[in-house]
Amino acid sequence: MTSRQLNLFLLTGCIVAILAACTLGSTSMDFSRVLAAFFGQSSPADSVVIWQIRFPRALSAFIVGAALGASGAALQGLLRNPLAEPGVLGVTATASLSATFALYYGFVASSPFLLPIYSIAGALIATGLLAAAAIRVSSVVTLILIGVGLSSFSAALMSLLLNLAPNPFSLSDMINWLLGSVANRSLNDILIVMPFMITGFIILFITRRGLSALTLGEEAASGIGLNLRHQRIAVVLGAGLTTGASVALAGAIGFIGIVAPHLVRPFVHYDPARSLIPSALLGGLILIIADIGVRLLPTISELKLGVIASIIGAPAFIWIAAKRRLTHD
Amino acid sequence: MTSLIANKVSIDVAGASILRDVTVSLQPGELVAILGPNGAGKTSLLRALMGLTKTSGGSAELNRVACHKVAPQDRAKLISYLPQRRPLAWPNRVIDVVALGRFAHGAALGQLSPEDTLAVSDAINTCDLNKLAERSTATLSGGELARVHFARAIASKTPLLVADEPVAELDPRHQVRISDLLRKYVDNGGGALVVLHDITLAARIADRLVWMKNGSIFAEGTPIETLTSQMIKDVFGVQAYIGNDKHGFDVRIEGAA
């Protein structure tokens, strides 16, 4: 399978999964009814259900998964380690912390753009710190440990915020959001994060050749003509924008960025550049399917998407870590 | 003509003097070997010439422009660089690693221009990697990997090559293969600056030997001029027997000086 075929295959999968997600709900619809509602050939009620509830939810799952898949693939290429990922490195946690902070002080009421701006700022601080550390420490293991530390510290500050929550309503608001979910998102919520998302994607896409070059290690990558400084800044910026925007849309959802690139890599000859787009598509596909699962599971209160993602993702992380060749340091 | 020149280069790191007033030059058509004990400053000199380390004094210049000011992409079209440590982050295919040598020419893996494809297949032929081209680098031996890295370097088709211990840790047959490839590169008009630890090998293939010790150049000249037991004693601190017959030089280390 060439990488173009792989992309086409995954894209088709995503479209089918989004349509499938749209059939599910309190009134189940079949595919033809969903398609009719999409193109305005149905009752107004159907149209509202699809356009205002089901489609935004499925699309949010896709966008968030794609953002996390792409930034995972890019960070792994930059740090030359399959365990690098926005969640593991503490980027998601820092973004969540920053956004929770904004929620806590009620800043978000003044403009709908403030929540994404806060969470993106948080993500950029984390990726920036990691990139600065990456220049100084040569061991990638040390770098991941720094990320784990960053993640724990953000989690601690987050607990502090929860601890100090002024009333039970804001507490449950924050918790809901921390667990990560795409339920009840509107097309407007999506539109607000899209400018950041798209800018981030474009930046990551531009860095893709540099990610291939980094396969050789930083010294040889510079030798074959890569500007290391520009590459680091661009990946940090791109990953920060996409991860931050995804946190603003869906809260903290972990491990997608590790699982999707890992599954994609063998199909693209382990080339970080060619794994970028399929990782995004597969990340999106996984989250749409996970969100369908959340809705199908007969639990008393609906499970949060972030909880499911971690329950599947964390063991996968351990498995990938245990399987790594020792020669990678 | 492309020229790479270190002019009285000094490097100080945290108060320690790593290089002092080192002057050396490289031009197409010559193979220059740098010899010296561990810690003599050989790698630091190469890194300064590649613009990877800033110099504290003197200047390292590529075509009369300070090396650290040359854009990486422009430099990569003039010099190929084989660093001492060559970690591969992913188990890529051999052909993709070699194709990375075309990075400065804008090549993207999986969609090479005809010119890039030609350069890559040339390099693969030269380094005898045809049978391994589709293999994953994770499955190769150290000697095969050394050939892959060398192929990557020459796929750039640069006039100059800077290599840090390209034959370290290789078996004799692979040492010969890589050094033959180096010589061939120079005989075809390239210029190579190579750090070597094998004195005999250096004397056999190099046009010029640069002897380094304690961050300075101790001596420089052709093998015939500079390869003496006294030189080896002064630079490496060991007693050595030097033979020179129709088969070339032979250096036998006989013990501590």
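Structure notes:
- Chain A - charge dipole about Cα centre, Lys and Arg +1 at Cβ, Asp and Glu -1, debye rounded to 20: 580 debye
- Counting only residues at least eight positions apart within a chain, or on another chain, the lysines with an alpha carbon under 24 Å from that of B:Lys246 are B:Lys184.
- Net charge dipole, the stretch B:81-157: roughly 260 debye, given to the nearest 20, about the Cα centre with Cβ charges of +1 for Lys and Arg and -1 for Asp and Glu.
- In terms of surrounding Cβ atoms within a 10 Å radius of their Cβ, B:Arg183, B:Arg152, A:Arg57, A:Arg229 rank from fewest to most as A:Arg229, B:Arg183, A:Arg57, B:Arg152.
- Under 5 Å between amide hydrogens, built in the peptide plane, is the criterion, and for B:Gln239 it picks out B:Glu254, B:Gly255, B:Ala256, B:Ala257 among residues at least 5 positions away or on other chains.
- For the stretch A:138-188 versus the stretch A:207-233, the gap between their alpha-carbon centres in whole angstrom: 32 Å
- Share, in percent, of DSSP beta bridges within the stretch B:137-256 that are antiparallel, nearest 5: 70 percent
- In chain B, the DSSP beta bridges split such that about 65 percent are antiparallel, to the nearest 5.
- Build a GNM of chain A with springs between Cα atoms under 10 Å apart, and of A:Val247, A:Val259, A:Val48 the one that fluctuates most is A:Val48.
- Hits among lysines - C-alpha to C-alpha of B:Lys213 under 18 Å, sequence gap 8 or more where chains match: B:Lys8, B:Lys42, B:Lys233
- Ranking of B:Leu52, A:Leu10 by neighbouring Cβ atoms within 10 Å, starting from the fewest: B:Leu52, A:Leu10.
- Each of A:Ser28, B:Ser56, B:Ser229 was placed along the dipole of the protein assembly as shown (beta-carbon charges, centred on the mean Cα), and the one lying farthest toward the positive end is A:Ser28.
- In this calculation the C-beta distance from B:Lys246 to A:Phe107 is compared with R0 = 56 Å, giving a FRET efficiency of 0.10.
- Chain A - percent relative contact order, Cα under 8 Å, separation 6 or more: 31 percent
- Considering only B:Val195, B:Val238, B:Val32, the mean-square fluctuation computed in a Gaussian network model of chain B, springs between alpha carbons under 10 angstrom, is largest for B:Val238.
- Estimated from helical segments only, the mean residue ellipticity of chain B at 222 nm is -9000 deg cm²/dmol, where each DSSP H run of four or more residues counts as -39500 (n - 2.57).
- Remark: the protein assembly as shown carries a charge dipole of roughly 300 debye about the Cα centre, counting +1 on each Lys and Arg Cβ and -1 on each Asp and Glu Cβ.
- Sorted ascending by nearby beta carbons within 10 Å, beginning with the fewest, A:Phe55, A:Phe9 become A:Phe9, A:Phe55.
Values quoted throughout were computed directly from the atomic coordinates according to the rules given, and no laboratory measurement underlies them. Computed from a predicted model, the values in this text were never measured in an experiment. Positions of Cβ are backbone-derived with ideal geometry, glycine not excepted, and every protein chain shown enters the neighbour counts.
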